[in-house]
Amino acid sequence: MSIFLVGGGVPDTPVYEPILDAFVQDVLENRTHEGEPILALALFDYEGSGQHFLPAYSTPIEERIPCQIRPVYLRLGRPTDPASFENVDGIIVCGGPTPEYLASLRTCAETIRGAVNRGIPYMGFSAGAMIAPRNALIGGYFSDGIEICSEESSENLKEITFADGLGLTPFTVEVHAAQAGTLGRAIATVERNLTEMSMAIDEDTAVVVESANPSNLKVLGAGHVWVVTRNAESINVELRTSN
């Protein structure tokens, strides 16, 4: 029973197939009922964009196991019904506008957290990975008035911004690390004591966390994970690759 935090891909799905293989295996090992597994798949929808991008996320899963995909379309300014994530065998939260994902799923945080605590696997792509922590980084490209990453990664927020996330991990998550140059933002969040630890994840790469023991984690994928911490004297960046 694991939490898969994926640093994005094209568009935000991984092309590194072992990540998907591991998630599917986790679903099969932890399912609690007969019949095809039911997977809730949350995807932001703006004027039909959700339906357009749904196959990019659902097809690779359906190619691996017979299952029922339950699309959960998230819409601007509308809270999502927590029942969407009940009685499922897996939860997938896709990529897109991070603040809007969190705003739409805030009403579902307790339900998702409860499902994961009971052993339901969670996989978050990009935005879905960033909102998973207890203390979620949702955007910004300035730190105390100094630019620390590209405005393209800002989510239309100027200063580094945090919000209460889904509460699945104790550490903060950054995505598209090497590809979008967001490692600098991850370092800034730790340097300013906004978080104690940040995991900056490359595209096509995932941090896999045991839900029962968040300190037990591994890396899957083609890229790197940059673990940012601090001590009394310095900021430390540890580079990890696939186990």
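Against the criterion of being surrounded by fewer than 16 Cβ atoms within 10 Å (Cβ to Cβ), under 21 Å from residue 123 (Cβ atoms) and touching a residue at least 60 places away in the same chain (Cβ under 8 Å), residue 203 does not qualify.
For the range 206-240, name all the residues that are of a type in the set (S, T, N, Q), surrounded by fewer than 16 Cβ atoms within 10 Å (Cβ to Cβ) and either under 18 Å from the mean Cα position of the chain (by Cα) or assigned to a strand (DSSP E or B) (or both).
Answer for the range 206-240, where residues must be of a type in the set (S, T, N, Q), surrounded by fewer than 16 Cβ atoms within 10 Å (Cβ to Cβ) and either under 18 Å from the mean Cα position of the chain (by Cα) or assigned to a strand (DSSP E or B) (or both): 213, 215, 216, 229, 236.
Residues in the range 66-79: is at least one open to solvent by less than 10 Å² (accessible area, probe 1.4 Å), assigned to a loop (DSSP other than H, G, I, E, B) and in contact with an Asp or Glu (Cβ under 9 Å, 6 or more places away or on another chain)? Checked against the condition, which is being open to solvent by less than 10 Å² (accessible area, probe 1.4 Å), assigned to a loop (DSSP other than H, G, I, E, B) and in contact with an Asp or Glu (Cβ under 9 Å, 6 or more places away or on another chain), the range 66-79 yields no hits at all.
If you go through the range 38-53 and pick out every residue that is without any contact (Cβ under 8 Å) to a residue 60 or more places away in the chain and within 15 Å of residue 126 (Cα to Cα), you end up with 3.
Does at least one position in the range 94-103 carry a residue that is small (Gly, Ala, Ser), surrounded by 22 or more Cβ atoms within 10 Å (Cβ to Cβ) and more than 20 Å from residue 163 (Cβ to Cβ)? The answer is no, given that none of the residues of the range 94-103 is small (Gly, Ala, Ser), surrounded by 22 or more Cβ atoms within 10 Å (Cβ to Cβ) and more than 20 Å from residue 163 (Cβ to Cβ).
Residues in the range 127-153 that are open to solvent by less than 10 Å² (accessible area, probe 1.4 Å), touching an Asp or Glu at 6+ places or on another chain (Cβ under 7 Å) and either among the polar types (S, T, N, Q) or assigned to a loop (DSSP other than H, G, I, E, B) (or both): 140 alone.
Annotation note: of 41, 54, the sole residue that is outside any loop (DSSP other than H, G, I, E, B) and open to solvent by less than 10 Å² (accessible area, probe 1.4 Å) is 41.
Within the range 95-131, the residues that satisfy the criterion of being in contact (Cβ under 8 Å) with a residue 60 or more places away in the chain and hydrophobic (A, V, I, L, M, F, W, C) are 102, 105, 116, 120, 123, 125, 127, 129.
Pairing residues of the range 66-77 that are aromatic (Phe, Trp, Tyr) with residues that are in a loop (DSSP other than H, G, I, E, B) and open to solvent by less than 70 Å² (accessible area, probe 1.4 Å), at Cβ distances under 9 Å and at least 6 apart in sequence or on separate chains, gives 73/45; 73/80.
All conditions in (1) in contact (Cβ under 8 Å) with a residue 24 or more places away in the chain; (2) open to solvent by less than 60 Å² (accessible area, probe 1.4 Å); (3) not small (Gly, Ala, Ser) hold for residue 33, with the sole exception of (2). Whether any residue in the range 192-210 is among the basic types (Lys, Arg) and more than 16 Å from residue 129 (Cα to Cα) is what I want to check. There is at least one residue in the range 192-210 that is among the basic types (Lys, Arg) and more than 16 Å from residue 129 (Cα to Cα). The residues in the range 25-35 that are farther than 23 Å from residue 81 by Cα and assigned to a loop (DSSP other than H, G, I, E, B) can be counted, and the count is 2.
For residue 112, the requirement of being under 30 Å from residue 35 (Cβ atoms), open to solvent by 10 Å² or more (accessible area, probe 1.4 Å) and outside any strand (DSSP E or B) is not met.
Pairs are defined by a Cβ separation below 6 Å, a sequence spacing of at least 6 or placement on different chains, a first member in the range 132-156 that is closer than 15 Å to residue 188 by Cβ, and a second member that is among the polar types (S, T, N, Q) and part of a strand (DSSP E or B); the pairs so defined are 135/172; 137/172; 138/161; 139/161; 140/161.
So in the range 190-205, with the set limited to residues that are in a strand (DSSP E or B) and of a type in the set (Ser, Thr, Tyr), which one is farthest from residue 30 (Cα to Cα)? Give the derivation first.
Residues of the range 190-205 that are in a strand (DSSP E or B), as a first pass: 198-201, 205.
Now narrow it down to the ones that are of a type in the set (Ser, Thr, Tyr): 198, 205.
On the way: 198: 28, 205: 23 Å.
Once the filter is applied, the top-ranked residue is 198.
The values are calculated or read from the model by the stated rules, or taken from the named source; none is laboratory data. All figures in this text were calculated on a predicted structure; none of them were measured in a lab. With ideal geometry, Cβ positions are generated from the backbone for all residues, glycine too; neighbour counts draw on all protein chains shown. Accessible surface areas use protein heavy atoms only, side chains included; no ligands, DNA or RNA. Shrake-Rupley method; radii C 1.70, N 1.55, O 1.52, S 1.80 Å.
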